[in-house]
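A short write-up of the structure that comes next.
The values are calculated or read from the model by the stated rules, or taken from the named source; none is laboratory data. Note that the structure is predicted; figures quoted are calculated from it, not measured. FYI the Cβ positions are ideal-geometry reconstructions off the backbone, even for glycines, and counts take in every protein chain you see. For accessibility, only protein heavy atoms count, side chains too; no ligands or nucleic acids. Shrake-Rupley method; radii C 1.70, N 1.55, O 1.52, S 1.80 Å.
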Amino acid sequence: MAEVYNWQLGRNMEYPYEEHHSKRQFAAVFNTNRCIACQTCSMACKSTWTFSEGQEYMWWNNVESKPYGGYPANWDSKILSQLAEADPDGQKWSEDGTFDGKTIFEAAPKNERVLGYLPTNAEWRTPNLYEDTSTKYKSSGKLGLADGGAELPAHKAWFFYLQRICNHCSYPACAAACPRNAIYKRPEDGIVLIDQERCRGYRKCMEACPYKKPMYNAQSRVSEKCIGCYPRVEGSDPLTNGHPMETRCMTACVGQIRLQGLVDLNEDGSWKEDRHNPLYHMVKVAKVALPLYPQFGTEPNIYYIPPRWVPREYLTQMFGPGVEEAINAYRAPSRELLAVMQLFRRSQEIVFRYEIEEGPKAYETKVRGEKFTMYNDTVIAYRENGEEIFRTEVEEPVIVRPPERSNAI
Amino acid sequence: MRPNTGLSSVAGAATIAALVGFVFFSVSPATRARAADNTRLDQLEKAGDLLRAHKVDGVLPTDPDDAKWAAASEHEVPLVSQFAVAPSAAKLTRSQISVRALYNDSEFALLVVAADATKNDDVSTAGHFADAIAVGFPTDYGEGIPLPYIGMGNEGRPVNVWQWKAAWQTDIDSGYRGVTEAYANRIPRAGPINYVAGKAAGSPLSQTSRTSPVENLVAEGFGTLTSTPSAKLDGKGIYKDGAWRVVMKRPLKPNGVGARIRVGAGLLPITFAVWDGAAAERNGMKGLTRWRFVVFSGENASAKQATPASTVLAGADPAKGKSLVAALGCTSCHALPGVASGGIVGPDLSYAGAIHRPEYLLESIIKPNAIVVPAPGYFDPTSGLSTMPSFYNMRADEDDPDSPLIVTDDDFRDMTSYLWSLR
């Protein structure tokens with residue numbers, strides 16, 4: 001195994017291939033706090049990419065209700081328990097944010113390159129079984145409500161929606177496991193693809209990917225996965241006149257929880273300082289968004305703003321250290337972060353850069369005892385070539401219904 | 001005391017010398033060559049390294065139950081799990097197949113019988129894997145041409161693989177089994193648009209109509225296996241009484257990319273692999289066997305290209321080899337039966353002789369970098385070199401060229417004979 005640096009773990013780790021990085025990396029931020037699980041993303045993906053024979057069970061994009069829902073069923077608790085078994089009591093983060101446990105590469109048995117399992121057919125069959133099951137709590141009240149109602153910061157009874165696509169990992173487990181080198185990571189944008197001609201349907205990728213995003217197509221007998229809507233990211237969709245466009249699942253988002261883009265990488269894989277790239281700001285400056293199960297070691301590239309109301313222990317297991325910091329950053333956002341978050345879903349085009357024009361103070365309040373001031377700043381989004389895509393204000397404009405339509409409802 | 005090994009020992013020493021770059025010249029009269037060939041064939045046969053192909057008149061049978069197969073002698077071939085490189089079986093196991101070979105002036109055919117408790121021919125759901133049987137040949141072979149690394153070959157030494165698939169056999173016998181056939185009660189597809197990416201990309205696995213259950217492939221090292229269609233590669237498999245009976249046949253001269261089968265020009269190196277679908281075996285998870293040699297009966301061909309184990313290891317002492325292996329610390333990385341507790345860094349060598357030929361085993365301990373298996377632990381991805389040390393030409397005092405060798409040539413052959421005995 002080669003030694004590669006994984007910045008999400010704060011250390012070197014083992015990986016079957018030498019360290020190489022793409023010039024840019026496909027990445028996104030998902031705000032779990034705002035998702036309503038309408039599954040518009042799932043349908044947008046399905047109607048675009050997985051509507052054919054053999055793809056009936058495939059959801060390259062899915063939204064599952066945590067803690068119990070999952071597609072395939074129990075995917076995360078299964079791999080977590082495999083890791084716990086391989087490294088009992090060792091799967092921990094140290095104080096400085098370094099992961100001391102074993103990744104799926106380091107915990108692999110000798111006859112495998114990656115620790116994993118092949119989900120059963122039954123597990124693929126249900127996209128969100130147990131979606132309506134809440135966590136257990138003691139209650140003497142009627143209607144099953146917790147005594148004393150909800151308690152903040154974390155609720156006693158809770159669930160939240162987790163939106164999942166392929167993480168287009170920097171160290172993909174699927175590519176590591178493929179004995180045929182049929183899986184590759186594109187140097188231009190880091191999108192991970194399965195070569196449909198080279199794949200021989202061994203399903204080692206399905207077994208290895210901890211997020212379970214490669215899927216076997218029983219009609220073609222080879223495996224497929226989320227392709228990051230690469231024609232859109234390349235800008236070859238006619239809609240945007242050649243300008244890079246976000247994926248179908250991102251742009252279809254009703255709750256406006258998703259923002260996807262491309263981040264520039266240094267040769268060592270670290271993110272190039274790009275102060276005015278919205279993803280760079282959210283992940284590296286505001287630190288409001290965190291990777292999903294970074295301890296797996298694949299360096300996933302979808303970042304999540306953790307749900308505010310969920311017990312921190314659970315969130316730390318899911319998003320690693322930095323959960324409290326991220327929630328604080330989200331609950332009382334900095335002036336800049338608040339402006340950046342207005343960029344979500346105002347356009348289908350990828351925002352490469354933003355500028356902020358300061359506006360007047362909108363109002364003042366207290367958030368958890370601290371003074372919080374909101375300003376009505378204007379944020380301007382730019383294309384790769386510097387042209388403006390759109391501009392929007394922090395305060396949503398108030399539209400007053402004209403008198404002639406006042407009783408239109 | 002080491003027995004006096006006479007000429008044979010010279011032959012063994014010549015093997016080592018050839019390995020490390022010295023050239024030996026020897027001249028033999030033609031009559032002696034013929035006698036030598038016969039001795040070689042006898043020795044190969046005794047070691048279980050020879051498969052006799054019988055010549056028959058007329059067309060070679062494609063049907064495993066054809067009466068013509070009775071003419072061919074049956075050879076038992078042991079297989080062990082591929083364990084050199086991940087992915088491999090979790091547990092090392094040994095199994096056995098039987099092989100018969102026929103040929104005529106234009107074709108070559110094999111009948112492989114492999115016991116299998118379950119018939120697995122369905123790949124129409126993500127959790128199902130199908131049985132398969134493969135036969136491999138070096139694409140080039142002959143005197144002075146070293147054999148490729150077992151299984152997938154290695155750089156510069158490609159292999160031609162014929163893989164018969166139970167799933168493809170069922171495609172031919174009863175039609176392609178896609179999702180429509182696998183889920184008979186499903187609601188019919190609405191709408192005319194259907195795009196099967198694998199098929200559109202030309203994957204040989206996705207083709208819904210095929211004429212042969214046998215796929216023609218070439219490989220030149222791990223991860224390089226590539227399908228290359230061969231119109232004339234044919235076969236048929238029947239599952240009966242707890243066993244697959246599979247015929248694979250092809251014209252001697254390939255129609256496309258593949259090994260040329262030269263009857264009357266030496267021996268044909270051959271190897272086999274078997275996958276059990278019930279155990280989710282696919283890719284490197286398979287049963288594999290070492291290179292053997294097909295001899296075409298009735299052809300007066302030279303056997304010079306194959307070196308019998310008894311020549312490579314003449315006079316070598318496996319018991320001494322076993323104690324050397326323990327003394328030199330081989331077990332700190334390798335599992336070896338009955339020698340201390342085996343390490344897990346290097347490949348498990350419990351069946352080393354079932355999967356490798358003695359000349360390869362000898363080469364691998366003298367020159368670990370001759371063929372490097374790119375597996376975690378015993379391969380440095382930066383340098384591309386094996387992590388196994390070699391004691392070749394190492395002296396007790398490295399500054400004194402007259403000090404004794406730590407491991408002598410005889411020691412190497414003793415160790416090889418021990419590894420070869422693990423079958």
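Here the alpha carbons of segment A:1-104 define both size measures, Rg and Dmax, at 17.8, 50 Å.
In order along segment A:353-362, the phi-based Karplus estimate (6.51 cos²θ - 1.76 cosθ + 1.60, θ = phi - 60°) of 3J(HN,Hα) comes to 7, 10, 10, 10, 9, 5, x, x, 5, 8 Hz; Gly and Pro are listed as x. Amide H to amide H, with H built 1.01 Å from N, residue A:389 comes under 5 Å of A:381, A:382, A:383, counting only residues 5 or more places away or on other chains.
Amide H to amide H distances under 5 Å link residue A:216 with A:224, where only residues 5 or more positions off or on other chains count and H is placed in the peptide plane. Distances between every pair of Cα atoms in segment A:189-241, grouped in 5 Å steps from 0 to the bin holding the largest one, split as 4, 19, 24, 20, 15, 10, 6, 2 percent.
Listed by chain and number, the aspartates and glutamates whose C-alpha is less than 19 Å from the C-alpha of residue A:272, apart from same-chain residues fewer than 8 away, are A:19, A:188, A:189, A:264, A:299, A:355, A:384.
Entry note, segment B:248-348: relative contact order of 18 percent, from Cα contacts under 8 Å with a spacing of 6+ residues. Taken as Cα centroids, segment A:11-29 and segment B:294-341 sit 43 Å apart, rounded to the nearest whole angstrom. From the largest down, segment B:85-213 spans 62, 37, 33 angstrom on the principal axes of its Cα atoms. For segment B:195-242, a drop of 40 Å² or more in accessible area on going from the chain alone to the assembled protein chains (1.4 Å probe) is found at B:196, B:201, B:205, B:223, B:225.
Mark the label point 7 Å from the Cα of residue A:121 along Cα→Cβ and return the residues of segment B:108-148 whose backbone N is within less than 13 Å of it. Under cut-off, by backbone N: B:121-130. For the chain pair B and A, the interface hides roughly 3700 square angstrom of accessible area in total, found with a 1.4 Å probe.
Over segment B:42-178, what is the percentage of antiparallel beta bridges among all DSSP beta bridges, to the nearest 5? The antiparallel proportion sits near 90 percent.
In whole Hz, what ³J(HN,Hα) sequence does segment A:210-227 give by Karplus (6.51, -1.76, 1.60; θ = phi - 60°), x for Gly and Pro? With coefficients 6.51, -1.76 and 1.60, one gets x, 8, 6, 9, x, 9, 7, 9, 6, 7, 8, 6, 10, 9, 10, 7, 3, 9 Hz.
Local charge sum around residue A:200 (other residues, Cβ-Cβ under 11 Å, Lys/Arg +1, Asp/Glu -1)?
Result for the neighbourhood of residue A:200: +4.
Karplus-derived 3J(HN,Hα) values for segment B:229-236, using 6.51 cos²θ - 1.76 cosθ + 1.60 with θ = phi - 60°, are x, 9, 4, 9, 7, 10, x, 7 Hz; glycine and proline are entered as x. Of the solvent-accessible surface of segment A:335-393, computed with a 1.4 Å probe over protein heavy atoms with every protein chain present, carbon and sulfur atoms account for 40 percent. When the Cα positions of B:151, A:317, B:69 are compared along the charge dipole of the protein assembly as shown, B:69 comes out farthest toward the positive end, with charges on each C-beta of Lys, Arg, Asp and Glu.
What do you get for GluC sites (Glu not before Pro) in segment A:57-139 restricted to DSSP loop and a cutoff of at most 13 other Cβ within 10 Å of the site's Cβ?
Filter output for segment A:57-139: A:95.
Contact order, relative form, for segment A:208-278: 14 percent (alpha carbon pairs under 8 Å, 6 or more residues apart, mean separation divided by residue count).
For segment A:192-225, a decrease in accessible area of 30 Å² or greater in the assembled protein chains relative to the isolated chain, with a 1.4 Å probe, applies to A:196, A:197, A:198, A:200, A:202, A:203, A:204, A:216, A:218, A:219, A:220, A:221.
Of the DSSP H helices in chain A, not one has a Cα length along its own long axis of 18 Å or more together with a mean Kyte-Doolittle hydropathy reaching 0.0.
Please identify every one of the chymotrypsin sites (Phe, Trp or Tyr not before Pro) in segment B:143-197 that sits in a loop by DSSP and has no more than 14 other beta carbons within 10 Å of its own beta carbon.
Filter output for segment B:143-197: B:183, B:195.
Can you give the Rg/Rh ratio of segment B:157-307, where Rg is from the C-alpha atoms and Rh is the Kirkwood radius?
Values: Rg = 18.7 Å, Rh = 18.1 Å.
Rounded to two decimals, Rg over Rh is 1.03.
Placing unit charges on each Cβ (+1 for Lys and Arg, -1 for Asp and Glu) gives chain A a dipole about its Cα centre, and among A:328, A:392, A:50 the Cα reaching farthest toward its positive end belongs to A:50.
Taking the three principal axes of the alpha carbon atoms in segment A:335-393, the coordinate ranges are 43, 20, 13 Å, sorted in descending order.
Taking every alpha-carbon pair under 8 Å whose residues sit at least 6 apart, chain B reaches a relative contact order of 19 percent.
Remark on residue B:237: its backbone amide H falls under 5 Å from those of B:247, a criterion applied only to residues 5 or more positions apart or on other chains, H modelled at 1.01 Å from N.
Legend: residue pairs A:23/A:185; A:110/B:286; B:236/B:286; A:204/B:236, Cα-Cα distance threshold 18 Å; pairs beyond threshold, B:236/B:286; A:204/B:236.
Rg and Dmax, both from the Cα atoms of chain A and both in Å, are 21.7, 75. Considering only Cα atoms, the convex hull volume of the protein assembly as shown works out to 226 Å³ per residue.
Using the eigenvalues of the Cα gyration tensor, what equivalent ellipsoid semi-axes result for segment B:300-423 when each is taken as the square root of five times the eigenvalue, whole Å, largest first?
Equivalent ellipsoid semi-axes, largest first: 22, 20, 17 Å.
Per residue, the protein assembly as shown exposes 43 Å² of accessible surface when a 1.4 Å probe is rolled over the protein heavy atoms with every protein chain present.
Shielding value for B:179-189 is 2, the average number of Cβ atoms from other chains within 10 Å of each residue's Cβ. Only alpha carbons enter this Debye calculation for segment A:230-333, each as an equal point scatterer, and the log10 of I(q)/I(0) it gives at q = 0.12, 0.21 Å⁻¹ is -0.49, -1.23.
Across all directions, the shadow cast by the convex hull of chain B built on its C-alpha atoms averages 24.6 square nanometres.
The mean count of C-beta atoms from other chains within 10 Å of the C-beta of residues in B:85-93, rounded to a whole number, is 4.
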